[in-house]
Structure formats: C-alpha cells, structure tokens
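Worksheet: the structure to be examined is printed underneath.
The values are calculated or read from the model by the stated rules, or taken from the named source; none is laboratory data. Computed from a predicted model, the values in this text were never measured in an experiment. As a convention, Cβ positions derive from the backbone with ideal geometry for all residues, glycine included, and neighbour counts pool all protein chains shown. The area values use the complete protein model at the heavy-atom level, side chains included, leaving out ligands, DNA and RNA. Shrake-Rupley method; radii C 1.70, N 1.55, O 1.52, S 1.80 Å.
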Amino acid sequence: MSGAREFISVAREEIGYQEGFSDGHWDNDNKFGSWYGMNEEAWCGMFVSWVADRSGNGDIVPRYAWCPAGVEWFQDRGRWSAYPAVGGVVFFGPGGGSHTGICIAYTDDEIITIEGNTNDSGSAEGDGVYLKTRPRKSSYVYGYGIPDFPEGAVVADPDWQGRPGVVHFGEQADESDIPAGGDTSSRPADREEDREDREDRDGDTSHQVVIDGLAYGPGSSGEHITRLGEMLVRAGCGAYEDGPGDEWTEEDTESMRRYQEKIGDTGADADGIPGPKQLARLTAEYGGSRTVTVREGDTLSSIAAANDIPLSELTAANPQIEDPDTITPGETVTLP
C-alpha cells in the first residue's frame, strides 16, 4: 500500500522511538541512519525518507539527508507550497535547511507534525521521534513539499484549487479529510455545486445541519439564527437587506457562503451552510460584544447604519443613552 494515510500511519508508529545514549549523551545512533547508510549523523531527513520507503511512497518523497536537497526535489517538480498539507513534508529554518518532518494536520494557527531527531524539551539536541505542535505562521516554517499521493492532496494553498485530485481546506484539515482512494477526478473539490443548485436547496430542510442540538439551514428558526446572522454581519459578510432575523432565509445562506470563502474554504465547504468548525471559528472571532468610540458628528443612527445593525437593536444594547441623536465624542457604544 501507499498514500497519505499509510505515510502518516507508518510515521505514527515510530513516535516514542529514541536514538542511542552513551557516555552521558545522545549519540545519533538510530535505525533510520543505519538504513540510509549515514548512521550517527543528523537524521531528521533520513527519518522522513525511511517512512516514505516503508509506506510505499518512496517514489513521491525524495530520499534525502540534507534538508535543502529535499526542498529542491519538491520545487523542481512543482510540488512546493508555503501552505500546509496533510501528509506534506515540512521544512524549517532559512532555506528549509535546519530541520524537517511530516505535517499530519493543521488549523488556522498551528500545524501538527511528526518529526525525527527532535525533542520535547526545547533544547537544540534531538533524541527521538515526537508528535509536535508548532505555530503555523512562524518564520521558522520555510514551506512544504506536497507528495503526489494516489488519493490526492489535502492542501491549504488557495493557488492549488482546481488542480486534479486536490481537496482545499483553507482553515484546517486532518487525516479524516483525506479522500478515499480511486479516481481523483471525483474529488470533493471537483464536485462544487453551482449557485442554482444551492439556491434550489434553500427550501429543502434535508440540507439542514444540527450543531450542538440546534438546526441551521433552510427551514430552521430560532434566536440562534439571529445570533448567527449578527456574527456574520460583524465579520463583514452580511447580505441582509433588513438585518438578520430568526428564520433562515436565502440571505443567511449567502452571508454564510461569503464567510466560508473569506476564511478560504471552497466547494462543498462553501455552500452557505455552517459546519461545526466554521461555526466555532465564527463564534470565537465575532461572538463577543464589540464597542465603538463615538466621534464628532456621530449619532446612534449613523453608527447603526455603518455597522448594518437595526437602530432598535443598537438602542436596546445601550440603555444608558437617553437620546439616540445626542451622544458625546469619546463615549463608548456597545454593538449587539
């Protein structure tokens, strides 16, 4: 077998492996270096190469001990990106020459990796294979080589959208998002529904989703739908003529779709119906109350209009203001 799942599975089995220890220190004696023919040398690249060989991916992942050689191999084949990929080979440091490992998942803020010749103590001396969590947007992350896996590639790079076999998840992805094997022409990223199909579904309750016991999508209603709309307005994605309401409408679908595209999701993940991860991110970023500071010439009416909020809701959120047309510069106004 070969592919992204097998690549990650073989790497996972090695978590906890440690190199030799002699004379009071770690000595770089390890099975990956012995296999490669360069034992007792820095072995992070040899670990990745070994995993590729054992998982049947030796033809789509280079055999390398010197990290810049791995970078060059992927770049020469057009398989290089500054964005993470599930099963992507990540390179660290200037020119990618300091360290390397395997990316198995990512969020908007972090990457999850399996790396050899590293540690969990923060020191410069590597001693084994570890599961690591690192900042995704750190300057230490140089980039990613993306193997041409037979089941396709799960990537965050927006420029890779439309490539055969590519599934794009801009915000986050993990092993569960890897497509099943088979014909890459039928990947989820290539099954994007056109707008007419999406609009036809707006009256179809079968496309509802239930998140934390609450329904979202055509036919759903409740205060949580209003709250969702309010968050979408705060995110700058509102498509409402009269403001969010408590019954799901086409405006909710369009507003949600705009948010999904804003965070980099596409295809079936940008259909205007929230997913659990999308809703969690929206709530974390825009679920809390916001405030604005009154400037000269402002009124509650002008603030409401500027933020696409009904004046009645803005007034209700600020009971301390007796006259909506008389507010003082420097005063704080809470946005609902």
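Just one of the listed residues (127, 120) is open to solvent by 40 Å² or more (accessible area, probe 1.4 Å) and out of contact with any His (no Cβ under 6 Å at 6 or more places or on another chain), and it is 120.
Filtering the range 139-160 to residues that are open to solvent by 40 Å² or more (accessible area, probe 1.4 Å), under 23 Å from residue 175 (Cα atoms) and not acidic (Asp, Glu) leaves 142, 150, 158.
In the range 1-12, the residue that is surrounded by the most Cβ atoms within 10 Å (Cβ to Cβ) out of those that are part of a loop (DSSP other than H, G, I, E, B) and not aliphatic (A, V, I, L, M) is 3. Out of 70, 16, 3, one residue alone is at pLDDT below 95 and under 27 Å from residue 167 (Cα atoms). It is 3. Residues in the range 13-63 that are among the charged types (D, E, K, R), free of Cβ contacts under 8 Å to residues at least 60 places away in the same chain and part of a loop (DSSP other than H, G, I, E, B): 23, 27, 29, 40, 41, 59, 63. Filtered by the rule that a residue be basic (Lys, Arg) and in a strand (DSSP E or B), the range 96-143 gives 132, 134. Filter the range 78-95 for residues that are out of contact with any His (no Cβ under 7 Å at 6 or more places or on another chain) and farther than 22 Å from residue 173 by Cβ and give the result. Hits for the range 78-95 are 94, 95. Do you know which residues across the range 224-279 are out of contact with any strand residue (DSSP E or B) (no Cβ under 9 Å at 6 or more places or on another chain), assigned to a loop (DSSP other than H, G, I, E, B) and touching a residue at least 60 places away in the same chain (Cβ under 8 Å)? 238, 240, 242, 243, 263, 271, 272, listed by residue number.
If the condition is being modelled with pLDDT of 85 or more, of a type outside the set (D, E, K, R) and crowded, with 16+ Cβ neighbours inside 10 Å, then the range 281-301 contributes 282, 300.
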